[in-house]
Amino acid sequence: MTKINNLSRRKVLKTGAMAGVSALATPALVSKAFAQSGELTLMDWSDYWPEDMLAKFTEETGIKVNYIGIGSNEELINKMRASQGAGADLIGPTNNRSLQWGPLDLLQPLDMSRVPIDAANPAMARIGPDAWDFEGAGNTWIPHIWGTEGMAWRVDQWTPSDPSGVPSYGEIWSEENAGKTMIRAHSGMLCAGLYMEASGEMEVGSVWAAYESEEKMREVWGQITEWCIARKSNLKLIWNDADSQKNGLLNDGVVVGQTWDGPPLALKTAGEPVTYQAPAEGAMAWVDGLAMPKGAQNIDQAYELIKFAYDPANAGPAIDQHGYNSPILGADQLAGENYAKNFAEAYPGDALANLNAWPAEAPWYADIRTEFVNQFQSA
């Protein structure tokens, strides 16, 4: 498994000095004088587009955004399959799901002449042409938000057991924290596997080897599922979206859990006694993008929203509200003063060098994982 190595916040956001200089020199991407009637439907992760951001877009363009929030890639895929790619003009699939989207033939190539792609981190911009150009028809995906899944906790009620202060995925399943922890089912199980490797309960490299074949996956996930079922009673909550993560930490008695970075860092910025940090086994890194379904009806309006989102003047302030990170060059410099502090505390030491990039998931992998997740949840 390849790690994301030698990264810092500045390197992650500004890979490629020449590309960064040219992008920062680009004129404003959305003219305040521009006005256009119409609307569009956006189907994206439920906490990615703050209300004031969308209000500003409507004020500047005259375009109304009908925002449909989603909580998982499975939900998004199922909605698009059911409608045959209709019902939305822009959607937000995660980078590692390209192998699932390709056979569905539900996306249309983007007109890259209408996308200010030079405004984005070059490494993240390459994901589209590298993985989302199906049969040479053209790129169907551009980066929008990046983040990680790691450990969040109530600083007034819990501290990591290791003297270094670095948490471990294993602490979610421990008897010491029984009845006070939460996970998302499929990612919580995968990261339980990483802990099993680190603690000598499973061969190192098994979690990543499971992506290679159905036979290997069934072997590895069989071990993981058995281990998780034996400790399932220690969990307080299994979450499925951003709001359930926040509610778990604030209202449902959870003191430590495996979460996305955005929800706990948004709470932290708001002054709640919550923090987030990459664990010893490495946080899981992902990039969520924007794509255009084949049934999109409001194409001109969709490209206006893309241009708006790719302006660092809009992407930067949104960081403070949703708590994730932007691939747009210069956006971090326009975020609030808490952003840099939260980022440094979330990824101390060599945490950025130890990020685990989610591997591409073939349809067979997703189907078999669902079998094991259902087995775990019904136990």
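The single condition among (1) open to solvent by 60 Å² or more (accessible area, probe 1.4 Å); (2) acidic (Asp, Glu); (3) part of a helix (DSSP H, G or I) that ASP320 does not satisfy is (1). Do we find that VAL166 is β-branched (Val, Ile, Thr), more than 30 Å from LEU250 (Cα to Cα) and not in a strand (DSSP E or B) in this structure? No. Taken across the stretch 263-282, residues that are among the aliphatic types (A, V, I, L, M), over 18 Å from the mean Cα position of the chain (by Cα) and in a helix (DSSP H, G or I) do not occur at all.
Does any residue of the stretch 283-293 turn out to be closer than 28 Å to THR41 by Cα, part of a helix (DSSP H, G or I) and in contact with a Leu (Cβ under 8 Å, 6 or more places away or on another chain)? Taking every residue of the stretch 283-293 in turn, none turns out to be closer than 28 Å to THR41 by Cα, part of a helix (DSSP H, G or I) and in contact with a Leu (Cβ under 8 Å, 6 or more places away or on another chain). Would you please list the contacts, defined by Cβ atoms under 8 Å and residues six or more apart or on different chains, that run from a residue in the stretch 149-177 that is at negative phi to a residue that is part of a loop (DSSP other than H, G, I, E, B) and aromatic (Phe, Trp, Tyr)? Every condition considered, the pairs that remain are ASN177/TRP158.
Counting only helices (runs of 4 or more DSSP H) that sit wholly inside the stretch 32-120, those with at least 1 residues that are open to solvent by less than 20 Å² (accessible area, probe 1.4 Å) and closer than 17 Å to TRP132 by Cβ are 73-83, 98-101. Within the stretch 354-369, being open to solvent by 20 Å² or more (accessible area, probe 1.4 Å), more than 19 Å from ALA280 (Cβ to Cβ), touching a residue at least 12 places away in the same chain (Cβ under 8 Å) and in a helix (DSSP H, G or I) holds for PRO363, TRP364.
Residue count for the stretch 131-145 satisfying the condition of being open to solvent by 10 Å² or more (accessible area, probe 1.4 Å) and part of a strand (DSSP E or B): 3. On inspection, ASP252 passes the criterion of being farther than 21 Å from SER72 by Cα and acidic (Asp, Glu).
In the stretch 175-231, of all residues being open to solvent by 20 Å² or more (accessible area, probe 1.4 Å) and in contact with a strand residue (DSSP E or B) (Cβ under 8 Å, 6 or more places away or on another chain), the one that is farthest from ASP241 (Cα to Cα) corresponds to GLY179. Scanning the stretch 148-161 for residues that are buried (at least 20 other Cβ atoms within 10 Å of the Cβ), of a type outside the set (Phe, Trp, Tyr) and closer than 30 Å to PRO327 by Cβ returns THR148, GLU149, GLY150, MET151, ALA152. Being modelled with pLDDT of 95 or more, under 19 Å from ASN240 (Cβ atoms), of a type in the set (Ser, Thr, Tyr) and touching a strand residue (DSSP E or B) at 6+ places or on another chain (Cβ under 7 Å) is the requirement here; does THR58 meet it? For THR58, the condition - modelled with pLDDT of 95 or more, under 19 Å from ASN240 (Cβ atoms), of a type in the set (Ser, Thr, Tyr) and touching a strand residue (DSSP E or B) at 6+ places or on another chain (Cβ under 7 Å) - is not met.
The values are calculated or read from the model by the stated rules, or taken from the named source; none is laboratory data. Predicted model, so just to flag it, every value in this text is computed and none were measured. We place every Cβ from the backbone using ideal geometry, glycine too, and count neighbours over all the protein chains shown. Surface accessibility is based on the protein's heavy atoms, side chains included, excluding ligands, DNA and RNA. Shrake-Rupley method; radii C 1.70, N 1.55, O 1.52, S 1.80 Å.
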